[in-house]
1. Could you check how many residues of segment 189-218 are over 19 Å from R126 (Cα atoms), more than 16 Å from the chain's Cα centre (by Cα) and touching a residue at least 12 places away in the same chain (Cβ under 8 Å)?
2. Looking at D161, D204, D228, can you tell me which residue is modelled with pLDDT of 95 or more, touching a helix residue (DSSP H, G or I) at 6+ places or on another chain (Cβ under 6 Å) and acidic (D, E)?
3. Kindly indicate the residue of segment 312-340 that is surrounded by fewer than 17 Cβ atoms within 10 Å (Cβ to Cβ) and not basic (K, R) and also nearest to V274 (Cα to Cα) among those meeting that condition.
4. Being at pLDDT 95 or above, aliphatic (A, V, I, L, M) and more than 25 Å from A270 (Cβ to Cβ) narrows it down to one of L186, L220, so name that one.
5. Assess whether A199 counts as being in contact with a Cys (Cβ under 8 Å, 6 or more places away or on another chain) and either closer than 19 Å to V261 by Cβ or small (G, A, S) (or both).
6. Six or more apart or on different chains, Cβ atoms under 8 Å: show the pairs whose first residue is in segment 30-48 and at positive phi and whose second is at pLDDT below 95.
7. I need the helices (runs of 4 or more DSSP H) fully contained in segment 219-320, keeping only those with at least 2 residues that are under 21 Å from S6 (Cβ atoms) and in contact (Cβ under 8 Å) with a residue 60 or more places away in the chain.
Amino acid sequence: MNLAESTFLRACRRQPVPHPPVWYMRQAGRSLPEYLKVREGVPMLTACETPDLVVEITLQPVRRYGVDAAIFFSDIVVPLKAIGVDLDIKPGVGPVVAQPIRDAAALDALRPIEPDDVSYVTEAIRALVGELGGTPLIGFAGAPFTLGSYLIEGGPSRHHDRTKAMMYGEPRLWHDLMDRLAGIVLEHLRIQVRAGASAIQLFDSWVGAVAPDDYREFVLPHTRRIFDGLADLGVPRIHFGVGTGELLGLLGEAGADVVGVDWRVPLDEAARRVGPGKALQGNLDPAILMAPWEVVERKAREVLRRGEAAEGHVFNLGHGVLPGTDPDQLKRLTDLVHEA
């Protein structure tokens, strides 16, 4: 099969497909025993900077599950680390930033990213394209709001209080920060596509913390800049956030071809909120995979049924694969979607 026949790429472009394509966020790792074996003793950011490891981990779920797309193994903070931001990913915590950005002087830490900064990304993607053949590779990045929240808070935050304090109280500083991050993210995604990625996904994991009017004022212009800046490359653009039910229409406005939907909003309702001209991705609750198979099957068929309301449907979970998930459940789920 060549890429032109890919069910994943066709569904993203709202073209006819014999069955909904399927892949899973965080499919490359966490629950796979082969992943845990190769990652043993290797820090996350070290793994992300080691092309041979990136290739192996990216391929593992494709081999095991037969999914319709691979997603590049990396982390959303990789481009920040690459330009010199002092950060680390602490197990059980997440990204931790040594010197949070809370004033204009600190913005100097965010210089533009260059291809040489992430040469390991280019090397790994080129190798993966050769290994994957007709299976598309999805590149990805974190969106400015989510990256900005890590930088301002210094790490994960429950309420994003410092983030919102800057957004509301220092709007000029906020937009300067978002502008710098948008430039870094855009170039990082363009590097991945130039290396051979067939699609991209922009993760805005924390943007569900923002009200619609605030999203439109403080987030949308910067997200739109990224999607507009990728338009000339001709690859499908996916936009995903968590807790974004009230923002789905705005996520569509930002310029993506595919809007990712978490498990909180049924896909037929999501199609209504997003409006015409977009495909949808999602949205089985990842926790359902911990239940007996008959429950998984019933819930998955419901997602497939509701997904028929979309102009194109890429089956996925409503967020990433949970660490305790039985890989056999994901294999059976993949087969079920393909047989549908």
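1. Number satisfying all stated conditions: 8.
2. Among D161, D204, D228, only D204 is modelled with pLDDT of 95 or more, touching a helix residue (DSSP H, G or I) at 6+ places or on another chain (Cβ under 6 Å) and acidic (D, E).
3. Ranking the qualifying residues of segment 312-340, first place goes to A340.
4. Details: L220 fails: more than 25 Å from A270 (Cβ to Cβ).
Exactly one of L186, L220 is at pLDDT 95 or above, aliphatic (A, V, I, L, M) and more than 25 Å from A270 (Cβ to Cβ), namely L186.
5. Yes.
6. From segment 30-48, the pairs are R30/P323.
7. 293-307
One line per residue, one yes/no per condition, for (1) surrounded by 24 or more Cβ atoms within 10 Å (Cβ to Cβ); (2) at pLDDT 95 or above; (3) farther than 29 Å from A195 by Cβ:
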{"site": "V235", "(1), (2), (3)": "no, yes, no"}
{"site": "H239", "(1), (2), (3)": "yes, yes, no"}
{"site": "D268", "(1), (2), (3)": "no, yes, yes"}
{"site": "A279", "(1), (2), (3)": "yes, yes, no"}
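The values are calculated or read from the model by the stated rules, or taken from the named source; none is laboratory data. Only a predicted model underlies this, so the values are computations on that prediction, with no experimental measurement involved. Don't worry about glycine lacking a Cβ; one is built from the backbone with ideal geometry, like all the others, and counts go over all protein chains shown.
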